[in-house]
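Participant: Questions regarding the structure given below will be posed in turn.
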Amino acid sequence: MRFDELGLDLEWHALPAPLPIARGTVGTAQWHQAAEAAAKAGARLVALWGSDRRADAGGGFVVSTAYALREGLAWLELPLNVASPRYPALSNAFPAALRMQRAARDLLGIEAHGAADQRPWLDHGAWPEGFVPLRHDAAHDAAAPLAEAGDYAFVRVEGDGVHEIPVGPVHAGIIEPGHFRFSIVGEKVLRLEQRLGYTHKGIERRFTELAPVEAARLAGRVSGDSTVAFAWAYCMALESAAGCTIPARAAWLRALMLERERVANHLGDLGALGNDAAFAFGLAQFSRLREDWLRLSREVFGHRLMMDGVQPGGVATDPDAAALERMRAQCDAIEPEVRTLQAIYDEHAGVQDRFMTTGRVAPELAAQLGLTGLAGRASGRAADLRCDRPWPPYDALAVKIATRREGDVAARVAVRFDEVVESLRLVRALCTRLPHGPVSTSLQLPPGAAFGAGWVEGWRGEVFVALELGPGAAIRRCHCHDPSWHNWPVLEHAVIGNIVPDFPLINKSFNLSYSGQDL
């Protein structure tokens, strides 16, 4: 589906971004029309968020969506009535929009009219009565009385032999907090309902208090396991708003860090998945490989996770020839070990018994619910920005997409193995073909209002950042979007019909972010 196939009579404003991104303003009827056309054509909803522009002359509240079309990304804005900021819900066409609508209501006070679920999402009763954090005139009074928390209305499943198991939000392991309410008969799961939002940190409000260049450091801390992806997406958005083109060597080094981040996370997950299948040998071996990988990242880029390696206008570190050779040699050393471990996993009857058919998401359900990223590719959703819409340097690397159709834990493991091997190839190519030249350029911020967007394929899936700058280059709004928004609801479906002891394995096979969506 292309921009013109949305059937909208509006003026598109192309953003000067490496990826094709266009922005336009719609009315209520066009908002409906665009959603219906996009859903019918199989386009993806990337994000939904709101903004407060009342400080502008004639401005008010705005709700925005981003759709992934065949031509690129369409950013649509719907201005809302200031006195009664309501908009037609999109969750009937795109189920993944439901929680985004609930978050927008908590953060900005805008209502999704017609939504089936109006429960709060991020507001857990710890905010003062009437506090709406993303309104520009919101003032947090620490002495103000908190709102009545009340009980969260979990959906109850009733019937003979049905009982509930509440898990979390505090867990036995050192992981982020989330509440999982299982309705079961015996050990068979009939329903799972999640409640997240326990890691809400006020990040989106904090963006508006920082200078645009300084805010890149905050973007890299949205989700620690995706620091490169979020920092790159933010910098792409800022550079887009400023009309800045980074040097070629900087783009290649960003990709080098992004692929190293992808490998590190896949290695960690492959080990953890083996451990959840009672195969501690896998955890030990992959932990060893991941630790070596992270240590070299620290030596080359100054940080194990390469935090703050991506900065506006380029990158912070320029590896010398010796460092590039070490990274190439590490790829050569690790690949045969990964292939050997893959053969061990594939041939281990106990491991495969736990992996195969467990937590299955059929391709049809994946398409209906908008499953994306790594998990989507394991359920027949062949989408990867590095392949579909390659931006520099990926347009010169011919990335091979990894997909499966089975949609179970085994398929998600197989996609991880394939992506590790492909990323090792990419790291070698990036080190070998790295162009000469500077690694950063000066960035001149625009004096007036400007918009920018960043769109990057992180290890978990596509990371999106929408940036609005106001007069004086102040950040008016920055929305960072993690693919976990789309995939957490699908996990509820993946668990149905499985047994309770398989939930940790299924959950780890998705490995979704709490922090990345609790902004």
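The values are calculated or read from the model by the stated rules, or taken from the named source; none is laboratory data. Being a predicted model, the structure only gives us computed values, none of them experimental. So basically every Cβ, Gly included, is an ideal-geometry build from the backbone, and we count neighbours across all protein chains shown. The accessibility values were calculated without ligands, DNA or RNA, using every heavy atom of the protein model including side chains. Shrake-Rupley method; radii C 1.70, N 1.55, O 1.52, S 1.80 Å.
Participant: Restricting attention to the stretch 105-126, which residues are under 16 Å from ASP518 (Cα atoms), crowded, with 22+ Cβ neighbours inside 10 Å and among the aliphatic types (A, V, I, L, M)?
Facilitator: LEU107, LEU108, LEU122
Participant: List the residue pairs whose Cβ atoms are under 6 Å apart, where the first residue sits in the stretch 204-216 and is open to solvent by less than 50 Å² (accessible area, probe 1.4 Å), the second is among the polar types (S, T, N, Q), and the two are 6 or more positions apart or on different chains.
Facilitator: Pairs found: ALA216/GLN311.
Residue by residue, here is whether (1) modelled with pLDDT under 95; (2) more than 21 Å from the chain's Cα centre (by Cα); (3) among the β-branched types (Val, Ile, Thr); (4) over 30 Å from ASP56 (Cβ atoms) holds:
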| position | (1), (2), (3), (4) |
| --- | --- |
| GLY472 | yes, yes, no, no |
| PRO489 | no, no, no, yes |
| ILE496 | no, yes, yes, yes |
| ASN507 | no, no, no, yes |
| ASN511 | no, no, no, yes |
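Participant: Does the stretch 246-283 hold any residues that are part of a helix (DSSP H, G or I) and over 22 Å from THR227 (Cα atoms), and which are they? Write out each step before concluding.
Facilitator: Quick first cut of the stretch 246-283, residues part of a helix (DSSP H, G or I) only: 248-276, 280-283.
Those that are part of a helix (DSSP H, G or I) and over 22 Å from THR227 (Cα atoms): LEU273, GLY274, ASN275, ASP276, ALA280, PHE281, GLY282, LEU283.
Participant: Cβ-Cβ below 9 Å, separation at least six or inter-chain, first residue in the stretch 28-39 and assigned to a helix (DSSP H, G or I), second modelled with pLDDT of 90 or more and of a type in the set (Asp, Glu): which pairs?
Facilitator: Short answer, once both residue conditions are applied: none.
Participant: If you don't mind, another one. Of the residues PRO18, PRO95, PRO79, which is outside any strand (DSSP E or B) and within 22 Å of LEU467 (Cβ to Cβ)?
Facilitator: One residue alone meets the criteria, PRO18.
Participant: Follow-up question, since we're still on this one. Return the residues of the stretch 465-496 that are closer than 18 Å to GLN101 by Cα, in contact with a Gly (Cβ under 7 Å, 6 or more places away or on another chain) and of a type outside the set (S, T, N, Q); say none if nothing qualifies.
Facilitator: Within the stretch 465-496, VAL465, ASP482, PRO483, HIS486 meet the criteria.
Participant: Mind checking which pairs have a first residue in the stretch 312-339 that is closer than 22 Å to VAL228 by Cα and in a loop (DSSP other than H, G, I, E, B) and a second that is hydrophobic (A, V, I, L, M, F, W, C) and open to solvent by 70 Å² or more (accessible area, probe 1.4 Å), Cβ under 6 Å, 6 or more apart or different chains?
Facilitator: PRO312/VAL213
Participant: Out of all the residues in the stretch 312-330, is one or more open to solvent by 70 Å² or more (accessible area, probe 1.4 Å), among the charged types (D, E, K, R) and within 30 Å of LEU69 (Cβ to Cβ)? I'd like the intermediate steps shown before the answer.
Facilitator: First, pick out the residues of the stretch 312-330 that are open to solvent by 70 Å² or more (accessible area, probe 1.4 Å): 318, 320-321, 325-326.
Checking which are among the charged types (D, E, K, R) leaves us with 318, 320, 325-326.
When the remaining residues are screened for being within 30 Å of LEU69 (Cβ to Cβ), the result is none.
Looking through the stretch 312-330, none of the residues is open to solvent by 70 Å² or more (accessible area, probe 1.4 Å), among the charged types (D, E, K, R) and within 30 Å of LEU69 (Cβ to Cβ).
Participant: A follow-up question, please. List, please: which pairs have Cβ atoms under 7 Å, are six or more places apart or on different chains, and start with a residue in the stretch 93-120 that is farther than 19 Å from VAL132 by Cβ and end with one that is of a type in the set (Asp, Glu) and surrounded by fewer than 20 Cβ atoms within 10 Å (Cβ to Cβ)?
Facilitator: ALA93/GLU36; LEU98/ASP117
Participant: A further question on this structure: Under 7 Å between Cβ atoms, which residue pairs at least 6 apart in sequence (or on different chains) link something in the stretch 53-76 that is more than 23 Å from HIS481 (Cα to Cα) with a partner that is open to solvent by 10 Å² or more (accessible area, probe 1.4 Å) and modelled with pLDDT under 90?
Facilitator: Partner pairs satisfying both residue conditions: ARG54/HIS136; ALA55/HIS136.
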